[in-house]
Amino acid sequence: MELNFACKYPFTEEGKQAIKENNIQINDEITERGVKRIVDALNRVQRTANPVHISDQLIEIGSYGAARMMLAHLRNRYLSNKFAIAEAKKASSLMARETKENIKRLQNELGVVPGEFEGKVVVPLEVYVKFSPRSVDYRLINRNVKEGHVEVSRREVLRLMEEAVKMKVEDIGLFPNAPEIVKKYSVKLMKLVPKTAPSKMSFKEGENPPCIEKLLETAKKHENLGHQGRWTLAVYLINKGVPYEKILQIFSNFPDYDERVASYQIKHAINRGYTVPSCGMLLSYGLCIAECKIGNPLRWKTWKRKK
Ligand code: SF4
C-alpha cells in the first residue's frame, strides 16, 4: 500500500484500501479537515497537501472520505459539483508532474487509456465521447476520427483524465443513516457556504423563450453549462438590457465560476455589441428546445404580442 499515492489521489481504489487497511475512523479532526476541503473548493483555493508523516497522510485521506459523507448526507448538487471540480483540478495539477508509472495506474483506474494509431496518440471514440469537456474544440466535428479512435494530444489526454476524475468524485451515492458527527459538521459546513443569490434572478413568468428559460434554470440549479450555452445566455441578457452586475450575479451560480473570466467575457460581449445567435444556430448547438418559429430568441416578446 502506497500511502503517498492514496493521499494524492484519494478517489482511487488505493484511497479506499488505505481507509480499510489503516482502519481510518471518522473523528473531529478528520471531519473538520473534510469541511475545510469543501470550503476550499467553494473558494477556489487549491491546496495540494503533501504530508510526510503517516498520521497526517491518514488524516488527509480520511478527510476526503469525510467530505464525501457530508456531501452524500446533504445531497446538495451545487456543493457536490464544486467539490468534484476542485478535486479534479487538484488531481490534474498533480498528474501533470506525475511519473509515467503512476500515470499508467491512473489511466487504468479512470478508464482513459490512450493508444497509438498510425503514429498518433488516440483514445477510443466511446472514451472520448464520455470524458471530453463541453467545449467547441472538443466537438467531434473538429476532430480527427479514424476507425473508432480519436486523435488527441498528450495535454488533451490529461484533460480527459481530469474530466474522468470529476465524474468519479461527483458520483456520490445516498447516505441515509449518517452518523451524528457527519450531521453535526454538515450543519457547520452549511454555515460557511457563501450565499449566492439565485433567487434574485427575478424574471417574470414567460418573459423569456424556452431555450433561455432552460439556460437560466441551469444557472439556478448551479449546474454546469457549456461555452455556447453561456455565450448565448450572456448575449441574450445583454441585448435585453440586463445590467452587467446582474449578469455577473447569474453567472456566479455556475460551479466553475471564475469572476475574472466571466467578467471579461461579459464586458467583451457588451463592447463588441454581439447579437444572439439565430434559432437555427441554437438548434445546431443543441440549445433549442421548442418550435417557437420566431427566428431569433430576441423576438420572443414581439411574437407574443402578435398572438
Ligand atoms: S425556437 Fe428559438 S426561441 Fe424557441 S426555443 Fe428554439 S431557439 Fe429558443
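Annotations for the structure displayed:
- Pairs, first in the same structural domain as P255 (by TED's automatic domain parsing) in the range 216-232, second open to solvent by 20 Å² or more (accessible area, probe 1.4 Å) and among the aliphatic types (A, V, I, L, M), C-beta under 8 Å, six or more apart: T218/L225; A219/L225; H227/V136; Q228/V136; Q228/L287; G229/L287; T232/L287
- Qualifying residue in the range 274-282 (condition: surrounded by fewer than 13 Cβ atoms within 10 Å (Cβ to Cβ), within 11 Å of the ligand (Cβ to nearest atom), assigned by TED's automatic domain parsing to the domain that holds P210 and assigned to a loop (DSSP other than H, G, I, E, B)): no
- Where D256 falls short, out of the listed (1) within 15 Å of V235 (Cα to Cα); (2) more than 16 Å from the ligand (Cβ to nearest atom); (3) part of a loop (DSSP other than H, G, I, E, B); (4) touching a residue at least 40 places away in the same chain (Cβ under 8 Å): (1)
- Screening R154 with (1) farther than 24 Å from N81 by Cα; (2) touching a helix residue (DSSP H, G or I) at 6+ places or on another chain (Cβ under 8 Å) gives one miss only, at (2).
- Spans of helices (runs of 4 or more DSSP H) in the range 73-186 with at least 3 residues of a type in the set (D, E, K, R): 77-95, 100-110, 154-170
- Identity of the residue in the range 191-202, surrounded by 13 or more Cβ atoms within 10 Å (Cβ to Cβ) and in contact with a helix residue (DSSP H, G or I) (Cβ under 7 Å, 6 or more places away or on another chain), that ends up modelled with the highest pLDDT: V193
- Of all residues in the range 261-271, none satisfies being closer than 29 Å to L140 by Cα and in a loop (DSSP other than H, G, I, E, B).
- Picking from residues in the range 61-94 that are over 20 Å from G173 (Cβ atoms) and surrounded by fewer than 21 Cβ atoms within 10 Å (Cβ to Cβ), the one that is farthest from the chain's Cα centre (by Cα) is L94.
- Just so you know, in the range 203-215 the residues that are under 14 Å from I250 (Cβ atoms) and in contact with a Phe, Trp or Tyr (Cβ under 7 Å, 6 or more places away or on another chain) include one that is farthest from the ligand (Cβ to nearest atom), and it is N208.
- Under the condition of being closer than 18 Å to Y78 by Cα and without any contact (Cβ under 8 Å) to a residue 12 or more places away in the chain, the residues counted in the range 148-174 number 1.
The values are calculated or read from the model by the stated rules, or taken from the named source; none is laboratory data. All values derive from a computational prediction rather than experimental measurement. Neighbour counts are summed over all protein chains in view; Cβ atoms, including those assigned to glycine, are modelled from backbone coordinates with ideal geometry. Surface areas here come from the heavy atoms of the whole protein model, side chains and all, with no ligands, DNA or RNA. Shrake-Rupley method; radii C 1.70, N 1.55, O 1.52, S 1.80 Å.
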